[in-house]
Every structure is written in C-alpha cells, then in structure tokens.
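Participant: Would you mind keeping the following structure in view while I ask a few things?
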Amino acid sequence: MKDRTMIYQNEHFYIEKEEHELPWVKIFTKTPYKELTDLPQPIFNELWSLYAEVETIMREYFQPDKINMASFANMLPRVHLHVIARYTDDAYFPNPVWGEKLRQGRKIKEDFGAFYALVQKRLKEKEEEL
C-alpha cells in the first residue's frame, strides 16, 4: 500500500506526499468541492497561491526540467491538484507518470523527507506573514 502521509494542512487545505520515484505531492481541499468553480472565490485564490508556493519550492529543491500539474478527479471526484517534478530522462518521460515505465530513469535526490520538511516550513512561514 502506498504511503499517503500528510505534510501540511491549514483551515481549507491539506497536502499529501505521493510515494513515487519522482517528487510528487497532492493538494486537497478539506471541503469536498467537486469542481474548481465550486470553490468560493477566496478559497479558489488560496488554492492557486498554495499551488504556486509548492511549485516554486519543488523547482528550487529538485531543479526539474518541467513541473506537471494535473487535476483529473475521475476516481476521486473532489478538487485536488497533483504537482510532479519531471525530467526528460525520468522513467516515464514524455508520457504521464500514471503510465508504464519506458526505461530505467534518472536517480532523483533520495531525501524526499527534507523536501517535505521544507514545504511545511515555508508554508507555515507564509501563514505567519498573513
């Protein structure tokens, strides 16, 4: 079973890590809104602010070639965003990470825990600024 540990939460959102060989986190609304346009405007704005901060931290820490953001929500019909660091030489590129591995991919930084701790620290600092 995959480890889906929460790494951050506030009044409206929580962030879980996705256990994978690539850096990958998911941002969920605590209220189970079905579509992005169901979110009240302040929460909609907060979601994108939170996403931007997570993406920025991921880019700084892992220096990927690209960030993938996804929001399918077919199997789990509630608002959540996947944020995934991608590399042109990862095992799945150029295909989605949900597909079959195409090759042995690059070795990513082993210590994802340090990245999760950094996300938590920076988001808490941002909260304190508000």
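FYI, it's all coordinate maths here, none of it is from the lab. In this text, all values refer to a predicted model and were calculated from it rather than measured experimentally. So basically every Cβ, Gly included, is an ideal-geometry build from the backbone, and we count neighbours across all protein chains shown.
Participant: Using a Förster distance of 30 Å, how high is the FRET efficiency between Lys124 and Arg59, based on the Cβ-Cβ distance and rounded to 0.05?
Facilitator: Once the sixth-power term is evaluated, E becomes 0.95.
Participant: OK, next. Give me Lys124, Lys26 ranked fewest to most by other Cβ atoms within 10 Å of their Cβ, as a rough exposure proxy.
Facilitator: Listing Lys124, Lys26 from fewest to most nearby Cβ atoms yields Lys124, Lys26.
Participant: So, R0 is 22 Å and r is the distance between the beta-carbons of Ser71 and Arg103; what FRET efficiency does that work out to, to 0.05?
Facilitator: 0.20
Participant: Still on this structure: What order do you get for Ile43, Ile7 when you list them from fewest to most C-beta neighbours inside 10 Å?
Facilitator: By the 10 Å Cβ count, ascending, the order reads Ile43, Ile7.
Participant: Name the long-range amide H neighbours of Tyr33: under 5 Å, sequence gap of 5 or more, or other chain; modelled H, no Pro or chain starts.
Facilitator: Those lying under 5 Å, H to H, from Tyr33 are Val79.
Participant: According to the Cα gyration tensor, what semi-axes, each the square root of 5 times an eigenvalue, does the equivalent ellipsoid of region 1-95 have, listed from largest to smallest in whole Å?
Facilitator: 23, 15, 13
Participant: Using Cα atoms only, what is the angle between the long axis of helix 41-62 and the major principal axis of the chain, expressed in degrees (0 to 90) to the nearest 10?
Facilitator: Roughly 30 degrees between the two axes.
Participant: Under a cut-off of 20 Å between alpha-carbon atoms, report the lysines in cross-link reach of Lys66, not counting same-chain residues fewer than 8 places apart.
Facilitator: Lys17, Lys26, Lys101, Lys107, Lys109
Participant: Rounded to the nearest 10 degrees, what's the angle between the helix 112-129 long axis and the longest principal axis of the chain, both from Cα atoms, 0 to 90?
Facilitator: Taking the Cα atoms of the chain, the angle to 112-129 is about 20 degrees.
Participant: So if we plug the beta-carbon distance of Met6 and Thr31 into 1/(1 + (r/R0)^6) with R0 = 22 Å, what FRET efficiency do we get, rounded to 0.05?
Facilitator: It comes out at approximately 0.85.
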